[in-house]
Structure formats: C-alpha cells, structure tokens
Amino acid sequence: MRYAETGFQLEVDLSKGSIDKVETDPRDTALFLGGNAMDAKLLFDRVPPETDPWSPDNLLIFGNGLLNGTPVPGANRVSVDTIAPVNGLMGHSLMGGFFGAEMKMAGYDRIAIRGEAPDLVYLAIHNDKVEIRDARHLRGKGMYDTQRLIQEELNDKRAWVAAIGPAGEHRVMMASIDCGNSSAARTVGPVMGAKKLKAVAIRGTKDVHIAHPAELWEMCSRLRKELDANPNVGDWMAVDEDDSFHHNNFSWGNARIRRKTFWSSTLEERWRNLKYDHLSRQTGCWNCPKACHNVIHWPGRRRFSYKCYGKDTYHMASFQELDFTYEILGVAQDLGLDSYSTPQVIAFALELLDAGILTEKDFPEMPSDVRGRFYYLIDKIAHREGIGDILADGVSRAAERIGKGAEKFDHNTVKKFEQLPIKLGKLNPAYFLMIATGEDMAITQIEGSFPQDPITDPELKEEFISKWVAVPDKKFVEWFRQWEKRDQLPDEAMVAIVDWNECMHYLDDALGFCGFVSSFRGQFGGTTGYHVWNMPKVITYATGIEFDKDRLWECFQRNRNLIRALNNRLGLRRHMERPPEDHWAVRNEEYEQQLLTKYYDFKGWTFDGIPTKETLEKLSLGYVAEDLIQRGILTGHEVTALHDARAKKEKAVTL
C-alpha cells in the first residue's frame, strides 16, 4: 500500500481521446517527493527539447504536493507545469485552494495531459470515472460562468473546476488557470488553451492512507494550533491595513516611479473603510487555519477574492487608488488574466503611446481616461484583438514585435517574465543571485528564509535569533549577527543564503506547502510553521519513508539540479541570467559575474551554469548526465565554475 500518495497518475491524450490510469514507481517518491520535481521528471523523460511549446506533444501537468489531502495543515499546493511558450523553458506555477486535495481523494497524484482536442473540451473526473466532454458551449465564457455551468452539468456543487477564461483560449501569455479564485498564473494558461482544454473538473471521495496515522494526527493537531496562533505566518496583508511597504517602495506605472511619501494615516483609514465596507468574508485554502483571501463584493461586480500584493497591481500601474483595483480586478480575473503581469503590460503599452512609438491609430476608439484605457486594453488583450494581439505576448515579445526602440521600454523582465516592479539603489548580492538564477517566475518564489535586511539593534537582533527555529546551520546565525549593512556579508554567506532560500521553496513545491506557512515567512519574525527540522518527521509519519534533515536536503539538491538540467537542455545558459539592468542604480558588472561564478561553483555547476556529470551522478541523476552528454551539452569531463580557465581570468572584485 502507498501512503500519503495514491501511487497513480492520470494520463490523458486529447488528440487520441485516450485516458489511462498509470501506476507510478514508489522509488521516485523517495527520490523526488512530488509536486514540481515529479513534473520536471515527466517533462525531461517525455518532452524532447526540440518540441515546440505550442505543439500537442508538450505536456501540461497538474502535480500534487506529496502531503496534499493528508491531515498536514497548510499542504494544498498543486504544481502546474509545462514547457512555457514565452521563453521555451520549464514553466512552473502554483495553485492553492482545494483542487489538489480533491485530486488526491479522486485517486491521483498528478494529471498529465498531452495532445490537442479537435475542438474545445473539458475533463470531468469523479474518482475512477473520467470523461472528455464537449465544451463548445463554454467558448468565450469567463472563469465564474465556466465553473458554475460545469458544476450544474455534473449535478455536483462540490466538484472543483480549474478553468481558463477567454485569455487562455486565445493563448495569451499572461493567462491563468483559475479554481475558485486560486490561480496558476502565466505559462500554463496559454498551453491549456492550445490544447483546447477549457477546464478540468474533479471530485474525489476516496481515502488517503497514512503510514502512522495516530502519530501524524497528534503532530498535525499541534501544528495547526501553532499556525493559527502565529502572527508571522499566513498572508499578513489580509488583515494588516498598513501597506506602506509596497506603495512607498515598489515602482508605479511601467515600473518607473517610486512615490516614497505616498502612504499616510489618512489614506490608510480611507482604504480600511473601503475594504471592510465591501468585504463579504475571509477564506482560506484546504486544511489551513489561516484565512488569507479577502472576498470583495463591489457594486455592479461579481464577488471576487484576492491575496497579498495582487490587490495593488492595477491601481499602482495606473496611478489610481484602491477603489480602481476593486472595480477592475474581478473583471480581469474572469477574463483569466494574471494580476501581476497584465497591469505591467498595459502600463508598458501606454508608455509606448506617450513616447510616440505606438500611436492613436494603434488604439482605435480607446477612451481618454486612464481607467477606461485599462478596461479597453484588458479586453483587447484577452481576445487578441488589434494591438491586444501583440500585447498578449507579454512585454518582452511585444517589444520585439513592435520594434522602433520599444525594446528599451522592456526594463523589468527576467527570462521574458515580468518581475515585481522594484527599483533600488545599491546592489544586494543575494538578491542579484536569486533574481538572476531563479527558475520560477518571480523573486517571491525564491526569497524568504533569511531576512531581507539586517537588524542593527543588538537586543532586537538577539530576540529574532532566539525565535529562529528554522535556521538549518549555526553559520547562518553567525552571519546574521555580524550583518550590519544589506550588501556587506562575505560572498560565501551570500551564496549559502541563496541556497537555503531555494531549498525551502523547492521542498514546499514538492510537498505541497504554501510559502506563507513555510519558505516565504521565515524572513519575518524568525518563526515559521515548517522548516528542515520538522518536515522530515511529517514526511516519515505520512509516508512511512524514513527522512531526516540530511536526506531532505539531498532531495532539494536533486530536484534543483533536475530542473536546472531540464532548462539547460532547453537552452538556458549563463548569459540569460541577468536581473533587469536598472533594478539597482549602482551596479558592478565584474563583481556580479564573479559572484555568479562562485554560486555556480557552490552548486557543482560549470562556468556556463550546467550541473557537471559528477554533480548529477552524486544525486542519482546519472541518466540526466548521460542525456546531456549525448546531446553535446556536456562532455562529461567538465570542472566546476571556479576551476574553469575563464574563472581564473576574472579579476577579484569586492563591493
């Protein structure tokens, strides 16, 4: 018997109309756990690097975190993965809510979808009954109507429906897959549209077996109480009305202007009233005591929910206030548009209009007021009409298509993904590495375990350290003690900090943990729900596979290197690993490249950022090394970065 997992994945070929329930290898669970790592293995094994991301041969995978559907609180994330059309690399997105637990209780650890349907369809899953159903009547429907109509057709209000809106149908790069206002953002939405798959509806009533149920229940009961009582976990923005951090520090418009004195107590009070006058309730995800989703009922609009920085993006991109976000966000969500990237794309377009690169002829009948312009453009983008067809490709690709100097206005993307609109002063070495080398979409999927800034007050610093249970090694405590200025730690420390930050996110993604109860929250207050000291016991009790901290860390290394090798096979190289040129006002190219070399060396990678044969073999990824050798990506005799002749030519530089 398999514990915590079902031992089966659902494989659907939309071209053939075939549906197969396939037993999986339990040895893979011990090696990779689940989630994005298992998805990456499928992509590596089944999608050759020459495959066009739009091709029916690309895979779209809904991968459950290993602990989803178990009593473990806060475990509910589904990794939705594919080869992303925007840049040709692995596209990784996360979806919370209830879909993952429902998938597990239906009997599946993941759903792998290949092919392209002849016309629009949806997938209906109820335990072992799986159907490919006609969805032509849902063409053009928004998220909310699609989910409602499918539930009515299935006569099951408890079915969870992950759907695309018009944006996904039209292969918009910023399209999301939404399930009850929990969204897998970007990369995966357009691929779902390319497969002509409107939705996946799932209902499960099976048991999920646990290896040590009594021990796990006792541990989870305690963890749930601790999470509920801990103010440092969960999305603080759901309840804290002081949002000065984002509004004073993040950039407005097309990531251009910081308004350092925007926030005030008067504004905070006005926005607090605006929120609570229209707040229906606060909700959370499967089996989590934190209620991070604010459900808003705005006049003339359907109810919608948001969390975190998603409530700021539209009004900051348009230089408006919170009421505009409440007015437009539900409309954009129903169209199936991601709320992080879409406002930046619109601000980019309007900046090109101001600069004369685009003209009024490109925007026929567009309103003159900024709010009207945003509504005009989200509709054009979602349906790929007129200028919207170009903007639907995202900032980087749109700039390439427009030409005429538009490329200079693409100043906030990394690997063609729009980033958080942050523009700072002096280089932060750890953040340089995370932004440059991260293989997720944004910094929020990488940072979080080590604080962003030092604490200069000795008493407050020691108080933080006393609560810092998540720290995996005493060296991090010593570095934190000596830390006085943001950019002043040894390179050795910067590299190790990045590695720890990565570790926690990769483990969260494999196990199904929300970053707000784990990887992302350690930087605030020193306490977090999950860390490398309690995760092993949770895994052992749930699966029956004995884990300790060292074995868990090795899983992270294996998963990180597998995804790295997959992306290397798809073309990722050193020259692509650059933060936006204006992310920091003060830059030092020589130092940055030297730091990148040290990071690659720490990871066991070549000077070009590719895991060496030795590194892969140590992690039981020998077959990956052989594939890279056969394709000429490795010779098998490479040394790590610092031992490369090119590294020896780098001049030693310090900040």
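Looking at residue 295 and the list (1) open to solvent by 40 Å² or more (accessible area, probe 1.4 Å); (2) in contact with a strand residue (DSSP E or B) (Cβ under 7 Å, 6 or more places away or on another chain), which single condition is not satisfied?
For residue 295, the failing item is (1).
Please determine, by comparing only the residues of the stretch 15-50 that are acidic (Asp, Glu) and touching a residue at least 12 places away in the same chain (Cβ under 8 Å), which one is nearest to residue 570 (Cα to Cα).
That would be 39.
Hey, can you tell me all the residues within the stretch 70-92 that are open to solvent by 10 Å² or more (accessible area, probe 1.4 Å) and either among the hydroxyl-bearing types (Ser, Thr, Tyr) or farther than 27 Å from residue 46 by Cα (or both)?
71
Could you pull out every one of the strands (runs of 3 or more DSSP E) wholly within the stretch 211-312 that has 1 or more residues that are within 30 Å of residue 353 (Cβ to Cβ)?
304-306
Identify the residue in the stretch 530-551 that is open to solvent by 10 Å² or more (accessible area, probe 1.4 Å) and in a loop (DSSP other than H, G, I, E, B) and, among all such residues, is nearest to residue 1 (Cα to Cα).
Out of the qualifying residues, it is 544.
Only one residue in 447, 502, 439, 478 is acidic (Asp, Glu) and farther than 30 Å from residue 5 by Cβ. Which one?
Values: 447 fails: farther than 30 Å from residue 5 by Cβ; 502 fails: farther than 30 Å from residue 5 by Cβ; 439 fails: farther than 30 Å from residue 5 by Cβ.
Of 447, 502, 439, 478, the one residue that is acidic (Asp, Glu) and farther than 30 Å from residue 5 by Cβ is 478.
For the stretch 463-477, how many residues meet the condition of being at pLDDT below 95 and open to solvent by 70 Å² or more (accessible area, probe 1.4 Å)?
4
Taking only the stretch 574-611 into account, find how many residues are open to solvent by less than 20 Å² (accessible area, probe 1.4 Å), within 28 Å of residue 258 (Cα to Cα) and not in a helix (DSSP H, G or I).
Total satisfying the criteria: 5.
For the stretch 376-388, does any single residue satisfy the condition of being at pLDDT 95 or above, closer than 29 Å to residue 92 by Cβ and out of contact with any Gly (no Cβ under 9 Å at 6 or more places or on another chain)?
Taking the stretch 376-388 first, the residues at pLDDT 95 or above are 376-388.
Next cut, closer than 29 Å to residue 92 by Cβ only: 377-384, 388.
Applying the additional criterion that residues be out of contact with any Gly (no Cβ under 9 Å at 6 or more places or on another chain) yields 384, 388.
Scanning the stretch 376-388, I find at least one residue that is at pLDDT 95 or above, closer than 29 Å to residue 92 by Cβ and out of contact with any Gly (no Cβ under 9 Å at 6 or more places or on another chain), so the answer is yes.
State all residues of the stretch 480-508 that are open to solvent by 10 Å² or more (accessible area, probe 1.4 Å) and in a helix (DSSP H, G or I); if no residue qualifies, say none.
481, 482, 491, 492, 499, 505, 506
Filter the stretch 315-335 for residues that are open to solvent by 40 Å² or more (accessible area, probe 1.4 Å) and among the aliphatic types (A, V, I, L, M) and give the result.
331
Is the stretch 113-122 home to any residue that is touching a residue at least 12 places away in the same chain (Cβ under 8 Å), closer than 19 Å to residue 160 by Cβ, in a loop (DSSP other than H, G, I, E, B) and open to solvent by 10 Å² or more (accessible area, probe 1.4 Å)?
no
Name the residue that is nearest to the chain's Cα centre (by Cα), counting only residues in the stretch 600-647 that are among the basic types (Lys, Arg) and under 24 Å from residue 43 (Cβ atoms).
Filtering first and then ranking leaves 603.
Say we look at the stretch 210-263 and pick out the residues that are among the β-branched types (Val, Ile, Thr) and open to solvent by 10 Å² or more (accessible area, probe 1.4 Å); which of these is farthest from residue 306 (Cα to Cα)?
Filtering the stretch 210-263 for residues that are among the β-branched types (Val, Ile, Thr) and open to solvent by 10 Å² or more (accessible area, probe 1.4 Å), the one farthest from residue 306 (Cα to Cα) comes out as 210.
The values are calculated or read from the model by the stated rules, or taken from the named source; none is laboratory data. The structure displayed is predicted, hence computed values, not measured ones. Cβ sites come from the backbone with ideal geometry, for glycine too, and all protein chains shown count toward neighbours. Side chains are part of the model used for accessible areas, which takes the heavy atoms of the whole protein and leaves out ligands, DNA and RNA. Shrake-Rupley method; radii C 1.70, N 1.55, O 1.52, S 1.80 Å.
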